[in-house]
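Remarks on the structure that follows.
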Amino acid sequence: MYYDALVEAGKIKDILIKKQIEKVPTFRVGKNGSILLSKALLVDQLGFKEGGEFRVVKRRDSIIPKKNGVVHML
């Protein structure tokens, strides 16, 4: 958990093995600035639920979707 918190805070870079890098999906920004994220990513992997709300946090050159109501203490 400490490692994940450091990665999330941008203090250290995440270590990905080659298999993980190949599985990371990429997305494109549409004409209207919208980004479509797959169910497999949001629901199956990250645990978001249909109709759930989240906010987007900007960290350096990244954006991070965070579930509303979840507070991480560092």
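Points worth noting:
- Taking the criterion of being outside any helix (DSSP H, G or I) and either β-branched (V, I, T) or within 14 Å of I63 (Cβ to Cβ) (or both), the residues of the stretch 29-47 that qualify are V29, G33, S34, I35, L37, L46.
- The single residue among E22, E50 that is modelled with pLDDT under 85 and assigned to a helix (DSSP H, G or I) turns out to be E22.
- I35 vs. criteria surrounded by 11 or more Cβ atoms within 10 Å (Cβ to Cβ), within 24 Å of V7 (Cβ to Cβ) and among the β-branched types (V, I, T): no
The values are calculated or read from the model by the stated rules, or taken from the named source; none is laboratory data. On a predicted model such as this, the values are computed, not experimentally measured, just so you know. Don't worry about glycine lacking a Cβ; one is built from the backbone with ideal geometry, like all the others, and counts go over all protein chains shown.
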